[in-house]
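Some notes on the structure that comes next.
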Amino acid sequence: MIETDISKVIIQEYTKKLCEHLENDVVIVGAGPAGLAAGYYLAKSGIKTTIVEKKLSIGGGIWGGASGYNIVTFEDTDILEEIDVTTKKEGNLYVVDAIEFATGLAYKATKAGAVIFNLIEAEDIVLKDETVKGIVVNSASVRTLRLHVDPYCICAKCVIDVTGHPAELVSMLKTRKPDLFPKELHEYFMNVEASEAGVVEKTGEVFPGLYVAGMAVCDVYNLPRMGPIFGGMLKSGKKVAELIINKLKA
Ligand SMILES: Cc1cc2nc3c(=O)[nH]c(=O)nc-3n(C[C@H](O)[C@H](O)[C@H](O)COP(=O)(O)OP(=O)(O)OC[C@H]3O[C@@H](n4cnc5c(N)ncnc54)[C@H](O)[C@@H]3O)c2cc1C
């Protein structure tokens, strides 16, 4: 029966893929621009990398550009050239079609070997010996419907919080360890130059085993917001990948 053949192959392949990625070098939570960029650079270096994304679509805040005008901006083209998207210079900015950027970045990350599981939400952290060892996940539909269904775990040597607002994994730590993160997690007022530089500078390990990158960095360090300019997101994703590559390959 073709109907059950289709079902069987999908269930088998998905189960195989999931079982092969329950233990990883790196698990990335959030498939926005920073998470996809981190996934691309990590996988390209031969690091076993899994990305979980709670939404159906990946790309995070890329798709809508500014207020639904699906154009995004950059101050330079360094990483864009590597992911092979079309850029156009307008004054001091480079403009890129948001759809080409989202699909191009996702294509590069997956072709490099990063495995993405969409519709899976990180709902907690695996913590052992005061080190983050993985994430507790559930089906996004279970979470949305608030069903009383137990989760499962995906483990890794390093976990990256690239959940954008409001830095969801760091928030989970803060709830149980308020002394470690005494400040409220929120971004500051808009200031593009300060934010683009600050988000890259502060990208890094915030707790043993847990790294933060992308817009989540602004929330953790109360940095200014930057709106639909995405160079900082790509550079932050690249930086966190480099930090982890150096650590794992040391
Ligand atoms: C709703 C919205 C608000 C924005 N607000 C700002 C702003 O205030 N300031 C600003 O400068 N720019 C903002 N932006 C613009 C810009 O989109 C972001 O700066 C940029 O997308 C951040 O990139 P990122 O990769 O860090 O996170 P995002 O693009 O936000 O991607 C994070 C991804 O993580 C996923 N995710 C979150 N929690 C979990 C979880 N528990 N488990 C699994 N996946 C999870 C999300 O679904 C999302 O796909 C916003 C965009 C959107 C869509």
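Side notes on the structure shown:
- Here's how it looks for residue 207: its modeled amide H is under 5 Å from none belonging to a residue 5 or more places away or on a different chain.
- Relative contact order (percent, whole number), region 51-117, Cα cutoff 8 Å, 6+ residue spacing: 38 percent
- Prolate/oblate/rounded call for region 114-246, Cα gyration tensor, a/c under 1.5 rounded: prolate
- Given charges at Cβ of Lys, Arg, Asp, Glu: region 27-249 dipole, positive-most of 160, 32, 94: 160
- Cα-centred dipole magnitude for region 27-249, charges only on beta-carbon of K, R (+1) and D, E (-1), debye, nearest 20: 600 debye
- Taking every C-alpha pair closer than 8 Å and separated by at least 6 residues, the mean separation divided by the residue count of region 1-144 gives a relative contact order of 24 percent.
- Of 8/108; 48/202; 133/183; 55/177; 48/128; 55/89, pairs whose Cα-Cα distance is over 26 Å: 8/108; 55/177; 55/89
- Among the GluC sites (Glu not before Pro) in region 141-245, those located in a DSSP loop and surrounded by at most 11 other Cβ atoms within 10 Å of their own Cβ are 184.
- Note on region 27-249: Cα-only Rg and Dmax are 16.6, 54 Å.
- Mean sequence separation of contacting Cα pairs (under 8 Å, at least six apart), scaled by the length of region 27-249, corresponds to a relative contact order of 25 percent.
- Exposure proxy for 121, 100: other Cβ atoms within 10 Å of each Cβ, ordered fewest to most, give 100, 121.
- Residues 142, 240 arranged by fewest to most Cβ contacts within 10 Å: 142, 240
- Global geometry of region 1-47, whether rounded, prolate or oblate, following the gyration tensor of its Cα atoms and the 1.5 cut on a/c: prolate
- For residue 12, neighbours were defined as the other residues whose beta-carbon sits under 13 Å from its Cβ, and their charges (Lys and Arg +1, Asp and Glu -1) total 0.
- Listed from fewest to most Cβ neighbours within 10 Å, the set 124, 78 follows the order 78, 124.
- Simple point charges give the picture: +1 on the Cβ of Lys and Arg, -1 on the Cβ of Asp and Glu, and for region 2-139 a dipole about the Cα centre of about 220 debye.
- With Cα atoms defining each centre, region 115-186 and region 190-243 are spaced 18 Å apart in the structure.
- With helices as the sole contributors, the chain gives -12500 deg cm²/dmol at 222 nm; each DSSP H run of n ≥ 4 counts as -39500 (n - 2.57), and the sum is divided by every residue.
Values in this text are rule-based calculations from the coordinates and carry no lab data. This one's a predicted model, so the numbers in the text were calculated from it and none came from an experiment. Positions of Cβ are backbone-derived with ideal geometry, glycine not excepted, and every protein chain shown enters the neighbour counts.
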